[in-house]
1. Please find, among 161, 191, 174, the residue that is closer than 18 Å to residue 55 by Cβ, modelled with pLDDT of 95 or more, part of a strand (DSSP E or B) and in the same structural domain as residue 99 (by TED's automatic domain parsing).
2. Kindly provide the set of residues from segment 1-19 that are touching a residue at least 12 places away in the same chain (Cβ under 8 Å) and exposed (fewer than 14 other Cβ atoms within 10 Å of the Cβ), ordered by number.
3. Just to check your reading of the model, which residue among 101, 58 is within 29 Å of residue 209 (Cβ to Cβ) and not assigned by TED's automatic domain parsing to the domain that holds residue 185?
4. Restricting to segment 213-235, give me the number of residues that are in the same structural domain as residue 161 (by TED's automatic domain parsing) and within 15 Å of the chain's Cα centre (by Cα).
5. Please indicate, with yes or no, whether at least one residue in segment 223-235 is in a loop (DSSP other than H, G, I, E, B), within 16 Å of residue 42 (Cα to Cα) and touching a helix residue (DSSP H, G or I) at 6+ places or on another chain (Cβ under 8 Å).
6. Give just the number: which of (1) at pLDDT below 95; (2) more than 25 Å from residue 217 (Cβ to Cβ); (3) not in a loop (DSSP other than H, G, I, E, B) does residue 1 not satisfy?
7. Go through 85, 62, 109 for me and flag whichever is surrounded by fewer than 18 Cβ atoms within 10 Å (Cβ to Cβ) and part of a helix (DSSP H, G or I).
8. Looking at (1) surrounded by 20 or more Cβ atoms within 10 Å (Cβ to Cβ); (2) within 21 Å of residue 121 (Cβ to Cβ); (3) in contact (Cβ under 8 Å) with a residue 60 or more places away in the chain; (4) out of contact with any strand residue (DSSP E or B) (no Cβ under 6 Å at 6 or more places or on another chain), which is the one condition that is false for residue 229?
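The values are calculated or read from the model by the stated rules, or taken from the named source; none is laboratory data. Keep in mind that what you see is a predicted model, and the values were worked out from it rather than measured. Cβ placement follows ideal geometry from the backbone for every residue including glycine, while neighbour counts extend to all protein chains displayed.
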């Protein structure tokens, strides 16, 4: 497998073509952004940690029957993924009130929710990824009824798995973002795509409530690198030497 042309560069990752038209290489950067790119910085080793964490979580989810775009981790910064057409809707799964939900609804951060809430955001940087409702997704054709129903069901399955996984290592899964895509090699097959990492999750220590995620960067709390590394350490992962 040979890495070829750069196809796309986003805020946190770069996508490269390979000699197989159905496979890409996904490279994880140390660049950090917040508030839809308004705040920018660099977090040393962020890309390597996120690649480690995302690779492990994708492997865990695939093992319980969740179809994913992930194939394998190639090295400290890169993973091999299946080519997908990204569905332009991010799903945020919320288990605890935090972040924009707390601000938007005037609720105290840290309030547990009686059940998970799924929120949909239209992927459009120029519009700051606006919050949308289910009907928007269907009426504007971003996903079909069958695709959206499957995505909703799959999000709840993923949530059940990840809540338990993180609880076992002393971490509360507060909320997180998921993205999905249609496989190029299997028309009609939707899979989990993008990444699940401290960049895309709110992760709090179960006992102390200490933030172990990107909020340390967003809120200038310091200790960002240490927090990301702590998540990897609790997962039993070590960076390549």
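1. Being closer than 18 Å to residue 55 by Cβ, modelled with pLDDT of 95 or more, part of a strand (DSSP E or B) and in the same structural domain as residue 99 (by TED's automatic domain parsing) holds for just one of 161, 191, 174, which is 191.
2. 1, 2, 4, 5, 7, 19, listed by residue number.
3. The match here is 58.
4. The number of residues fulfilling the criteria is 3.
5. yes
6. Of (1) at pLDDT below 95; (2) more than 25 Å from residue 217 (Cβ to Cβ); (3) not in a loop (DSSP other than H, G, I, E, B), only one is false for residue 1: (3).
7. 62 is the lone residue from the list that is surrounded by fewer than 18 Cβ atoms within 10 Å (Cβ to Cβ) and part of a helix (DSSP H, G or I).
8. Among (1) surrounded by 20 or more Cβ atoms within 10 Å (Cβ to Cβ); (2) within 21 Å of residue 121 (Cβ to Cβ); (3) in contact (Cβ under 8 Å) with a residue 60 or more places away in the chain; (4) out of contact with any strand residue (DSSP E or B) (no Cβ under 6 Å at 6 or more places or on another chain), residue 229 violates only (2).
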